[in-house]
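Colleague: I have a structure I would like to understand better, so I am pasting it below and will then ask my questions one at a time.
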Amino acid sequence: MNPAVESPRRSTLFKAAAFWLAIAALALVALYARLLHLSFDGDYQGWASASCMTMAHSFNQLGALHLHFVPIQNNLPFGSDPDVYLHWPPLFPLLLSIVTRILGDHESSGRFFALIITLATTCVVIAIARRLYGTRIALLSGFFFLTARATYEGGRAILHQPLAMFFGSTTVLLFLLAVDIPPTAAPHSTSRRRLFAILGLFATICTVLTAWDPIFIPFGLLLSSIYLRRRDAIRLAALYLVADVLAFVAVQADYVLAYPALFRNQFATIAFRAGLKFNVESSMRLHTIVDSVHYTSSQLSFIGTYSHALRWLFEGFGTFSLLAPFLFLALWLQRDRRQDTSAVYLLGGLGLPWLIFYALMRNYVSIHPFALVLGAPFLAITSGFVLDRIWDRLHAATVADNNRRHLLRVMLVIFPLLILYPLFMAVRNARVPFEAPQYQDLSVIIKRDTPPNAVTLSSAESAVPIYYSNRHIVRGIVTPDLLRLAIPQARAAFPGSPLFFALQDTPEIDRASFTNTLQQFIPIAHQGDSTLYAIP
């Protein structure tokens, strides 16, 4: 498993890999071009895209410094108890706010930003594979990365994880360059290596400021360096780990100091994502009611969480990509393991952090398929490596027996087409919603029939109506008891703002239970499945 050395006999696969990588990149661009103006309502993870776009909008309205760099996932008025979002760090919506300020606040701006992130991450994956194993495996790795469903579907959602994986992969690349892994005949100068180390430190901090998913990458690099007994690498990885921890502490400290009353909810959310029972009492404040509704309905058993995670895994990656890491590991175990520095750092820098996060955050990964982007670079590089080795075996067999040349043609033509087929279908069906749009009527009546300073209590849990109505909406009011809890809190947090209640007729809502309460309100508008009431 030493770095591949290009030779004339490898040129056929080299050219084919470059060709199919270009086709995959063009297909991805075509997919995003067809998605540009598609509504978030009914789209893949549309609730998350709408939430992040709303956070960016809030940063543009009041400025990050004024908001203490705390994202707000709602519209004006913010009131005395803002709808802050403390579950993820602030860097992604902050950068997204810059994009929307330049390109405009609409779906196409967010999707263009998502496309740039995906293409940039592809380049980093190719660079890592090229550094470790040569150009041919790098091209194959880029192909497998772009054609993974976790990449082109997870990347189409406008959220934190793809950008965090870009920074996380960049951390690994810059670390390899800084410590000269694998050793090269012409190593970089000391000043260049120091520059790579500093840039890697910056990438580490940016990773943690974007999302928690790749947070264990410095830890994996440190374990790899300890295993290889590389003192210079141990020192640098330890520095990255310290920066990683300090960045995490800094974000939590900023959030807690800005909103100390929400500390219990923050802790309860982390515990829930790790598989513990959600503390409902921690989420009885106005804007955390939706957490108590969502998390109590999403609690799964230990077996249930991992069965869901496995389902997302098989949907997000092809069979070959899931088999490849096991074959890669088997090949590594057959050799002098400590001498194979490339494999050690690939396993420790990209593979191990993914496994650790999935083991610790079992509820989170079972609910949210977009967490799969954490494993996409590792699976792509191992797939490229394994396919390269298969090609070598087939090529050797063809040299011995020319009648077997058809095997190579299958590898060059049929196999890539099979891998590309799901991506081609995604391009063709790009404008077909993942699910039926649910919030068009609700968004319309709230925007049309409430003033800009209004606050609407709603039975909807999604952030989609918030983004499209451009109004302040309190989500998750699904029972009369929660409505009675929310009204006095809303009056206290938004003095002077008219209050409304928007109710959707959905199977999850028991409309009959609201009968007595609704008699006290004034019907304002009705459209489709949604009714708007004024609260006196």
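The values are calculated or read from the model by the stated rules, or taken from the named source; none is laboratory data. Since we're looking at a predicted model, the values are computed, not measured. Backbone-built Cβ (ideal geometry, glycine too); neighbour counts: all protein chains shown. Side chains are part of the model used for accessible areas, which takes the heavy atoms of the whole protein and leaves out ligands, DNA and RNA. Shrake-Rupley method; radii C 1.70, N 1.55, O 1.52, S 1.80 Å.
Colleague: Exactly one of (1) open to solvent by less than 20 Å² (accessible area, probe 1.4 Å); (2) closer than 30 Å to L420 by Cα; (3) under 19 Å from the mean Cα position of the chain (by Cα); (4) at pLDDT 95 or above is unmet by L159. Its number?
Modeller: (4)
Colleague: Right, here's the next one. Of the conditions (1) touching a strand residue (DSSP E or B) at 6+ places or on another chain (Cβ under 8 Å); (2) open to solvent by 70 Å² or more (accessible area, probe 1.4 Å), L483 clears all except one; give me its number.
Modeller: L483 satisfies every listed condition except (2).
Colleague: Could you list, in sequence order, all residues of region 498-520 that are modelled with pLDDT under 95, not in a helix (DSSP H, G or I) and not aliphatic (A, V, I, L, M)?
Modeller: Across region 498-520, the qualifying residues are Q504, D505, T506, P507, E508, D510, Q519, Q520.
Colleague: Among the residues that make up region 334-345, is at least one of them at pLDDT below 90, in contact with a Leu (Cβ under 8 Å, 6 or more places away or on another chain) and in a helix (DSSP H, G or I)?
Modeller: Yes, the conditions are met somewhere in region 334-345.
Colleague: Being closer than 30 Å to H188 by Cβ and either without any contact (Cβ under 8 Å) to a residue 12 or more places away in the chain or touching a helix residue (DSSP H, G or I) at 6+ places or on another chain (Cβ under 7 Å) (or both) is the filter here; which residues of region 80-118 pass it?
Modeller: Answer for region 80-118, where residues must be closer than 30 Å to H188 by Cβ and either without any contact (Cβ under 8 Å) to a residue 12 or more places away in the chain or touching a helix residue (DSSP H, G or I) at 6+ places or on another chain (Cβ under 7 Å) (or both): L91, I116, I117, T118.
Colleague: I would also like to ask the following. Against the conditions (1) open to solvent by less than 20 Å² (accessible area, probe 1.4 Å); (2) part of a helix (DSSP H, G or I), where does P214 fall short? Just the number, please.
Modeller: In the conditions (1) open to solvent by less than 20 Å² (accessible area, probe 1.4 Å); (2) part of a helix (DSSP H, G or I), P214 misses (2) alone.
Colleague: Which ones in region 232-253 are modelled with pLDDT of 95 or more and among the charged types (D, E, K, R)?
Modeller: Listed by number, the residues that qualify are R235, D244.
Colleague: If you don't mind, another one. Which of the residues that make up region 132-147 are modelled with pLDDT of 95 or more and charged (D, E, K, R)?
Modeller: none
Colleague: Take T190 and decide whether it is of a type in the set (V, I, T), out of contact with any Lys or Arg (no Cβ under 8 Å at 6 or more places or on another chain) and surrounded by 24 or more Cβ atoms within 10 Å (Cβ to Cβ).
Modeller: no
Colleague: Residues that are among the polar types (S, T, N, Q) and under 30 Å from K15 (Cα atoms): does region 400-410 have at least one?
Modeller: Checked region 400-410: at least one residue is among the polar types (S, T, N, Q) and under 30 Å from K15 (Cα atoms).
Colleague: Give the residues of region 438-455 that are open to solvent by less than 60 Å² (accessible area, probe 1.4 Å) and not small (G, A, S), sorted by residue number.
Modeller: Answer for region 438-455, where residues must be open to solvent by less than 60 Å² (accessible area, probe 1.4 Å) and not small (G, A, S): Y439, D441, L442, I445, I446, D449, T450, P451, V455.
Colleague: Could you tell me whether T319 is more than 20 Å from I217 (Cα to Cα) and free of Cβ contacts under 8 Å to residues at least 60 places away in the same chain?
Modeller: Taking the combined requirement at face value, the residue satisfies it.
Colleague: So, in region 456-489, exactly how many residues are in a strand (DSSP E or B), within 24 Å of N60 (Cβ to Cβ) and out of contact with any Lys or Arg (no Cβ under 8 Å at 6 or more places or on another chain)?
Modeller: 3
Colleague: Could you check region 107-166 and list, in sequence order, the residues that are outside any helix (DSSP H, G or I) and basic (K, R)?
Modeller: R156
Colleague: I've got another one for you. Among the residues of region 367-386, write down those that are open to solvent by 10 Å² or more (accessible area, probe 1.4 Å) and of a type outside the set (F, W, Y).
Modeller: I367, H368, P369, V373
Colleague: Then there's this: Tell me, yes or no, whether region 9-20 has at least one residue that is at pLDDT below 95, outside any loop (DSSP other than H, G, I, E, B) and within 29 Å of A460 (Cβ to Cβ).
Modeller: Within region 9-20, none of the residues are at pLDDT below 95, outside any loop (DSSP other than H, G, I, E, B) and within 29 Å of A460 (Cβ to Cβ).
Colleague: Got a sec? Which of V373, V386, V410, V444 is among the β-branched types (V, I, T) and at pLDDT below 90?
Modeller: The match here is V410.
Colleague: Going residue by residue through region 57-64, is there one that turns out to be at pLDDT 90 or above, part of a helix (DSSP H, G or I), among the hydrophobic types (A, V, I, L, M, F, W, C) and open to solvent by 20 Å² or more (accessible area, probe 1.4 Å)?
Modeller: The answer is yes; a qualifying residue exists.
Colleague: Counting only residues that are crowded, with 22+ Cβ neighbours inside 10 Å and of a type in the set (A, V, I, L, M), how many does region 71-91 have?
Modeller: Looking only at that region, the number is 2.
Colleague: Only one of F278, F248 is open to solvent by less than 80 Å² (accessible area, probe 1.4 Å), free of Cβ contacts under 8 Å to residues at least 60 places away in the same chain, under 28 Å from P369 (Cα atoms) and not in a helix (DSSP H, G or I); which?
Modeller: After applying the criteria, what remains is F278.
Colleague: Follow-up. Please enumerate the residues belonging to region 172-192 that are more than 25 Å from I215 (Cβ to Cβ) and assigned to a helix (DSSP H, G or I).
Modeller: Matches in region 172-192: T190, S191, R192.
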